Amino acid sequence: MGRTYFVEEGIGQYLSSLSTKVQPYVTGLLIGQCSAQKDYVIRAVRTPAKEEQKEDINPSNLASIDEEWITTHASQVSRMLPGGLLVLGVFIITSPELSKDSQNALRKLIFSVEKSLTKRRLWKPAEEEVSERAGLQVCSATKKVVCRTYDIQDPKSSAKPADWKYQSALSASWLALHCTVNVNIHIPLLATSPNHDLEKNIKNGLNRWAKQIEDSVFLINGQVKDDDAELLEGQKKSRGNTQSSTQFSGVKVLTQLSQGSSHRSTATVQVCSGSINLKGAVKCRAYIHNNKPKVKEAIQALKRDIINTLSDRCEILFEDLIINEGPHKKDFEREYHVLPQRLFVPIAGSSVMLSDYRFGEEATGEIQERFVEMLDQSVEAEDINIAEEINTVGICPVTDNVDDTQQKQLTKATLLLKLQQNMGVVIAAAVAVFASIFSFNYFSD
């Protein structure tokens, strides 16, 4: 038996409106949430047209689909999703003449999009996690809908039929978890990295921090709950309420300060050209379906939002620096930059809010334009909720005239390190020598 997708009713109307446009095909993304029992689709977003395509003649066959443009759109959209939501499929609306080739096109797009999204992640999916993604085919003439799934972990997987069921007020009363995480991360820039390879250094530093988040303890409303317990256990669930309402759960994140005595730690001396310091408090949020969700589902969604939001912001900031200052800038001074601030925007008829980031000088109009372009959603200025204060990034270089000094410092540091590592042996030897001298003098008297 194939998977069942429960779909927000408004998506059917959205797809119908796209199918009336005079063009051979329209592509887009399906956004929602996977769970062991059911999958939920709460948004469909058409692929924005490229600037050069807006005045071009409409393409007449599926071979003209711009795979790179669609995967880029998927990466941008994934940045705007809070914890618990993901790009879980691709749709294509075609004329009857092109419907025969649409399944092959969908399959190719599904694997390309997933490959692009996986490359950016700092976390790995759990073994029991759903690995199927949806491909939705819609005929523009008959409005017939065909949904199939592909296993993204198996490149040779064949299509499986899936049910596509519309439901009103699907996400009107989803549960929300939120927390504030204080960040203070020091990332060394290795001297061996060519041209101050910021992306590689930051990814390595964030990977270590992401591991800490994965190993953290999460308190939901002040309590540690069993992973397999129901998130709503002991709480009354309201019935028959189709109005948009959010039930928030406050979460505290307890990170491990140090390893236990059973873990042996070693120090490493590295020659660095500088360092990056990330400091601030980031607001994190995750949404979970209200169909008997498990605690582990909710915590996993929040963990991923914590990791994603910091990683995405670093990515956005350094993309901006490369654009403005060039990728091969070498002689840089101590700099301080502001990480993009997180904001949230509501979805009409849903308790779920979408996310985005803005720089301090960015106008509200630019944010509104981005939501229209990326998510095909109009946003009122008063609905934009800036969630955070300013968070900073400090880039601290090491001066260039330190070759000899650096080598001396490295040698000195290495000697000190070796001395520290063998301190027990040194102290034992000193005690033995002292005892020998004392006993010699005592017996001589």
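The numbers here are math on the coordinates, done by the rules we state, and not lab data. Every value quoted in this text rests on a predicted model; they were computed, and no experiment measured them. As a convention, Cβ positions derive from the backbone with ideal geometry for all residues, glycine included, and neighbour counts pool all protein chains shown.
Converting phi to 3J(HN,Hα) with the Karplus coefficients 6.51, -1.76 and 1.60 and the offset θ = phi - 60°, segment 40-46 yields 10, 10, 10, 8, 10, 10, 6 Hz in sequence order, with x at every glycine or proline. Model label sites at ALA191 and LYS115, defined 7 Å from Cα along the beta-carbon direction, differ in position by 3.9 nm. Summarising the amide proton neighbourhood of GLY274: residues at separation of 5 or more, or on other chains, whose placed amide H is nearer than 5 Å comprise LEU189, VAL398.
Within segment 106-196, the GluC sites (Glu not before Pro) that combine a DSSP coil assignment with at most 14 other C-beta atoms in a 10 angstrom radius are GLU127, GLU128, GLU129. Other residues within the sphere of radius under 14 Å centred on the Cβ of VAL7, judged by their own Cβ, net out at 0 (K and R +1, D and E -1).
Length gained on full extension, ASP101 to GLU128: 6.5 nm, using 0.36 nm per residue less the C-alpha separation. Electrostatic tally near LYS38: other residues with Cβ closer than 14 Å to its Cβ, Lys and Arg +1, Asp and Glu -1, net -1.
Here the extension length gained between LYS143 and ALA229 equals 26.8 nm, from 0.36 nm per residue of separation less the Cα-Cα distance. Length, then width, then depth: along the principal axes, the Cα atoms of segment 32-187 run 54, 37, 34 Å. For segment 172-188, backbone phi angles converted through the Karplus equation (6.51, -1.76, 1.60; θ = phi - 60°) give residue-by-residue couplings of 5, 9, 5, 8, 10, 10, 9, 7, 10, 10, 7, 10, 8, 10, 9, 10, x Hz, Gly and Pro being listed as x. Computed from backbone phi with θ = phi - 60° and the Karplus coefficients 6.51, -1.76 and 1.60, the 3J(HN,Hα) list for segment 362-373 is 6, 6, 4, x, 5, 5, 4, 5, 5, 5, 5, 6 Hz; x is used for glycine and proline.
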